[in-house]
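Quick note: the coordinates plus some simple rules give every number you see, no bench work behind them. Since this is a predicted model, take the numbers as computed values, not measurements. Positions of Cβ are generated from backbone atoms using ideal geometry, with glycine treated the same way; all protein chains shown enter the neighbour counts.
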Amino acid sequence: MLYFVFTTDYLLWAFVPDVPLYPIHTELLYTLIVFPCSVVLFLRGCPEEGGLPLRQYLKWVAYFAVPEALYAYTGHIAYGHGWSWWWSFGFDLMMFPMLWLHSRRPVLAYVLSVGITTLLLILFRVPLAGLMHFDSATIGGPRWLH
């Protein structure tokens with residue numbers, strides 16, 4: 001969800017739906033349904049004791065990376081501002097251990113997540129200055145809500 005908030009006017013990637021939907025609808029579908037369900041299924045398959053099993057980890061990275069490669073090939077995902085499938089693949093490699101860590105040591109996961117998010121915002125030069133831009137057309141609300 002924070003990705004969409006931080007990059008509303010500077011998308012690094014975006015789904016290109018087959019059906020006529022507003023971009024926010026596609027994002028909400030993935031953010032509120034697809035991704036949370038995936039996280040639950042991923043964590044459900046992790047053992048209570050020990051570390052993250054390599055096979056489980058690689059399976060879930062593939063579940064995310066392979067469809068995205070197909071989406072990119074068929075034009076159903078667009079990249080911008082230096083992001084590419086390779087960056088998404090690297091993000092997937094980092095995301096699943098972070099989800100696993102969050103289920104065991106949430107404070108450490110939050111601290112690491114702030115660092116990772118900051119690094120990505122800097123690397124991709126995401127302009128945050130206009131994030132909460134107000135003007136008379138928005139009637140007091142941020143422009144990304146309209």
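Based on the Cβ-Cβ distance from Phe89 to Ile33, what FRET efficiency comes out when R0 is 35 Å, to the nearest 0.05? E between Phe89 and Ile33, to the nearest 0.05, is 0.95. Taking other residues whose beta carbon is less than 12 angstrom from the beta carbon of Arg104, and scoring Lys, Arg as +1 and Asp, Glu as -1, yields -1. Axis of helix 85-104 versus longest Cα principal axis of the chain: the two differ by about 60°, to the nearest ten degrees.
Annotation for His81 and Val107: the two label points, set 7 Å from Cα along the Cα-Cβ direction, are 3.3 nm apart. Here's the picture: charge each Lys and Arg Cβ at +1 and each Asp and Glu Cβ at -1 in the chain, and of Val114, Gly75, Ile33 the one pushed furthest to the positive end of that dipole is Val114.
When only the Cβ of Lys, Arg, Asp and Glu is charged (+1, +1, -1, -1), the dipole of the stretch 1-122 relative to its Cα centre reaches about 340 debye. Here are labelled values, [x] 25, 17, 15; [y] 29, 19, 15; [z] 22, 18, 13, and one is the computed semi-axes √(5λ) of the Cα gyration tensor in Å for what I pasted. Which one? Only one listed value fits the structure, namely [y].
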